[in-house]
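The values are calculated or read from the model by the stated rules, or taken from the named source; none is laboratory data. Everything numeric in this text was worked out from a predicted model, so none of it was measured. Virtual Cβ from ideal backbone geometry, glycine too; neighbours counted across all protein chains shown. Calculation scope for accessible area: heavy atoms of the full protein, side chains included, ligands and nucleic acids excluded. Shrake-Rupley method; radii C 1.70, N 1.55, O 1.52, S 1.80 Å.
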Amino acid sequence: MQIIVICLSPTFAKINHKFSAKFKLFLQDFCFLVLLKRKKRINFAVIMQQAIPYTLFRAIIAALIVLMSVLTSGRTVAQSITDKKIDSLINLAMHAPDSTAAELNNDICWKLRNVNPEIAIQYGMKGLDFAKRTNNILQEVKAYAFLGVCQRNLDNFDEALKYYKLGIEKAVKYNVEDQLGYGYVNLGNLLIYQ
């Protein structure tokens, strides 16, 4: 079997003038991988006539466009909801008393860890600061863990290791068992990422 990459040319978009301008632009840049048993190259018009009927082709393209738009809009909606949740947490954290500010800043750090680890680190440092000020051991241990994850996501493995160790030491000292477990998991993941 030979794989032939066939790009739709601008002339193809003129085949059916019912297509919208946006769809025509999409077709101009859209490429198909066509698996053919033949060794000679054939043009798109021949594929249209021999491989699949034109109406079937139109149905496939329409289904692809619908699927792409649904997937993209779903991702956009999900991202919008996430952004609103993070914005709400940021507003709460800005006006929260020190006793709850550590937890809120840590939550923001965790939610941003994969999306924007640099910003997440800023909130993690705030969470760590509030946790130390209020002597909130659980939030302090979480802040170390979250900061380590953010540093790992930025490929700063030495910094990640430093935060993981601090979190594990604190978890052992104050018997915070669940965070101790997460700390060891994070260490294992760090070894995998390196």
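Are any of the residues in the range 118-133 touching a Ser or Thr at 6+ places or on another chain (Cβ under 8 Å) and either at pLDDT 95 or above or open to solvent by 20 Å² or more (accessible area, probe 1.4 Å) (or both)?
The answer is no, given that none of the residues of the range 118-133 is touching a Ser or Thr at 6+ places or on another chain (Cβ under 8 Å) and either at pLDDT 95 or above or open to solvent by 20 Å² or more (accessible area, probe 1.4 Å) (or both).
When only residues in the range 85-114 that are touching a helix residue (DSSP H, G or I) at 6+ places or on another chain (Cβ under 7 Å) and of a type in the set (Asp, Glu) count, which is most open to solvent (accessible area, probe 1.4 Å)?
The extreme case among them is 103.
Working only within the range 134-157, note down all residues that are among the acidic types (Asp, Glu) and either under 16 Å from residue 108 (Cβ atoms) or open to solvent by less than 50 Å² (accessible area, probe 1.4 Å) (or both).
Within the range 134-157, 140 is the sole residue that qualifies.
Pairs under 7 Å by beta carbon, first residue under 16 Å from residue 110 (Cβ atoms) in the range 177-194, partner at pLDDT 95 or above and charged (D, E, K, R), six or more apart or different chains?
Hits for this filter: 179/142.
Name the residue that is least open to solvent (accessible area, probe 1.4 Å), counting only residues in the range 172-194 that are within 14 Å of residue 151 (Cα to Cα) and of a type in the set (A, V, I, L, M, F, W, C).
190
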